[in-house]
Each structure stands twice: as structure tokens, then as C-alpha cells.
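The values are calculated or read from the model by the stated rules, or taken from the named source; none is laboratory data. Quick caveat, the model's predicted, so the values are computed rather than measured. Here the Cβ positions follow ideal geometry from the backbone for every residue, glycine too, while neighbour counts run over all protein chains shown. Surface accessibility is based on the protein's heavy atoms, side chains included, excluding ligands, DNA and RNA. Shrake-Rupley method; radii C 1.70, N 1.55, O 1.52, S 1.80 Å.
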Amino acid sequence: MITDKIKTVYKFHNIEDITSNRDIIDRLCNDNENSINIYWLGRRSYNPIWELQKEAHSLRIKQRINDIVFLLEHDHVYTLGKNANENHILPSKPKDAEIIKIDRGGDVTYHGPGQLVGYPILDLHNYKMSISWYLKLLSNSIIDMLENLNIESHYRDNYVGVWVDDDKIAAFGVRLSKWITMHGFALNINTDLKYYNGMIPCGIFECGVTSISRHTNIQIDTKDVARMYSKYFIKHLDKEIN
């Protein structure tokens with residue numbers, strides 16, 4: 001059983017060498033139940049990780065694991081939320097990207113190498129049962145981390161995401177079931193932005209996209225950003241509950 005009190009200590013686990021979902025689930029069940037466990041998965045195709053999220057979400061409902069966060073890169077993929085307009089994926093899209101319909105909110109999103117994707121599986125009963133609170137937690141942790149990289153960014157309510165001027169640098173698409181979160185965010189680091197030419201990002205016609213490397217002129221390893229982000233995520237989670 002998981003302890004009643006959620007602690008904001010965390011452990012970062014590099015498990016990119018564990019390839020099967022079954023072995024990952026076994027690892028989740030055996031890791032420290034008093035920490036928020038954050039897992040770096042490396043680069044993965046989309047569907048197996050979607051299945052992994054669903055399994056982990058079920059385990060969280062049953063209190064067999066504590067809160068966790070999956071951090072990773074995906075192979076090239078366009079995902080369509082429940083109410084997405086399929087016409088927002090354009091005929092010009094690169095041929096090496098999959099198209100997958102999923103169960104989160106939002107419109108069309110791209111994932112690919114050089115992009116940090118985060119899937120927190122948190123029980124909001126232990127924090128605040130509010131989608132707006134959760135999006136604020138995700139966005140503030142990214143904004144704070146970007147500030148440390150000398151990138152000024154902001155959150156927009158009308159076009160949900162983190163923005164640098166009029167260009168989106170991080171997208172959000174979440175799902176809650178029984179107040180436990182799934183899906184999450186995608187932060188462009190060294191992303192090949194040509195893939196956005198094959199879509200209308202999140203259904204927004206008049207704005208562009210950007211990345212960390214475009215504003216820093218340096219190539220940062222996604223795993224290093226994952227480690228960095230973990231600290232800011234826990235920092236802001238701790239602020240919210242203490």
C-alpha cells in the first residue's frame with residue numbers, strides 16, 4: 001500500500017534499457033513507494049507507451065504505485081485528440097510520421113526526436129482536484145526552467161501552452177480519469193521543426209512553433225533536459241502543497 005501522505009521527494013530513474021512494458025511495470029511496483037518516481041525511458045514508439053500509461057494509471061487507482069512521471073522522446077508521430085479536426089494534418093506531412101487517434105483533449109500534436117515528452121500520472125486527490133491547477137503546475141515548471149536557460153516564456157489560457165512571443169515552445173494535452181492524470185506535455189528542445197509544416201499545431205492557424213535550440217543556439221541532450229525538468233517539476237509541486 002502507498003502511504004497516505006504524498007512526499008515531494010523524488011528519484012530520477014534511467015530505465016531506457018528496459019524494453020518491455022511488463023518489465024517496466026514490475027519496476028514501478030518495486031520502486032520506493034515514498035518517493036515520486038520519475039522515469040527516463042529514452043526514445044520509444046508511441047503506441048507501447050500509451051499502453052504503458054494506461055497500465056500505470058490502473059495501478060495508481062489501485063494504490064499499487066505512488067505518483068510517477070514518464071519522461072521520453074517519441075519516434076515521429078502526429079496524435080489526434082478526441083475532438084481533433086483530421087484536416088489539421090496536411091497532405092504535405094513527412095511520410096515517416098505515424099498518425100494515431102488517442103483519448104486526450106486537444107487537437108493535433110506532433111511528437112518526435114529532440115522533444116521532451118512528459119506523462120505524469122498523479123492522483124489529484126492528494127493535491128488539488130482542478131484541471132486548471134494541474135495545467136498551471138505543468139506550465140510554471142517549464143517556464144521556470146526556460147528562464148534558467150535565459151528564455152523568457154509565458155502561459156496562454158486562450159491557446160493553451162507555453163509560448164515564446166507568438167511561437168509555441170511547449171504543448172499540453174491531458175486526460176483525467178478518477179482525478180488521476182494521463183498524457184501531459186511536449187517541450188521542443190532540438191526538434192526538427194519541419195514536421196510542424198505538415199500540420200496546423202493544435203488547430204491554431206496564426207501562430208508558429210519554436211524550440212530551445214532556436215533561442216540558445218546550442219544543442220542540449222533531451223536526457224539532460226529531462227533531469228533538469230524533474231527538479232523544477234518537484235519544486236513547483238512542493239510550492240503548491242506546502
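The table below gives the values:
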item	result
Of residues in segment 189-204 being open to solvent by 20 Å² or more (accessible area, probe 1.4 Å) and in a loop (DSSP other than H, G, I, E, B), the one modelled with the lowest pLDDT	ILE200
Residue that is nearest to LYS194 (Cα to Cα), among those in segment 67-102 that are touching an Asp or Glu at 6+ places or on another chain (Cβ under 7 Å) and loosely packed, with under 14 Cβ neighbours inside 10 Å	ASN85
Segment 218-240 residues that are closer than 16 Å to GLU147 by Cα, paired with ones that are of a type in the set (Lys, Arg) (beta carbon under 9 Å, 6 or more apart)	HIS236/LYS136
Count - residues of segment 94-130 that are under 23 Å from TYR39 (Cα atoms) and either touching a residue at least 60 places away in the same chain (Cβ under 8 Å) or within 17 Å of the chain's Cα centre (by Cα) (or both)	21
Options LEU28, LEU71, LEU52, LEU80; residue that is touching a residue at least 60 places away in the same chain (Cβ under 8 Å) and among the hydrophobic types (A, V, I, L, M, F, W, C)	LEU71
Subset of segment 154-166 that is out of contact with any His (no Cβ under 9 Å at 6 or more places or on another chain) and assigned to a strand (DSSP E or B) - its residue that is least open to solvent (accessible area, probe 1.4 Å)	GLY161
The one condition in (1) free of Cβ contacts under 8 Å to residues at least 60 places away in the same chain; (2) open to solvent by 10 Å² or more (accessible area, probe 1.4 Å); (3) of a type in the set (A, V, I, L, M) that ILE61 fails to fulfil	(1)
Any hit, segment 34-47, residues being modelled with pLDDT under 95, in contact with a Lys or Arg (Cβ under 6 Å, 6 or more places away or on another chain) and either crowded, with 16+ Cβ neighbours inside 10 Å or closer than 26 Å to ASP224 by Cβ (or both)	yes
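Let's see how each residue does on (1) outside any strand (DSSP E or B); (2) modelled with pLDDT of 95 or more; (3) surrounded by fewer than 17 Cβ atoms within 10 Å (Cβ to Cβ):
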{"site": "LEU138", "(1), (2), (3)": "yes, yes, no"}
{"site": "ILE142", "(1), (2), (3)": "yes, yes, no"}
{"site": "GLU147", "(1), (2), (3)": "yes, yes, yes"}
{"site": "GLU152", "(1), (2), (3)": "yes, yes, yes"}
{"site": "LYS168", "(1), (2), (3)": "no, no, no"}
{"site": "VAL174", "(1), (2), (3)": "no, no, no"}
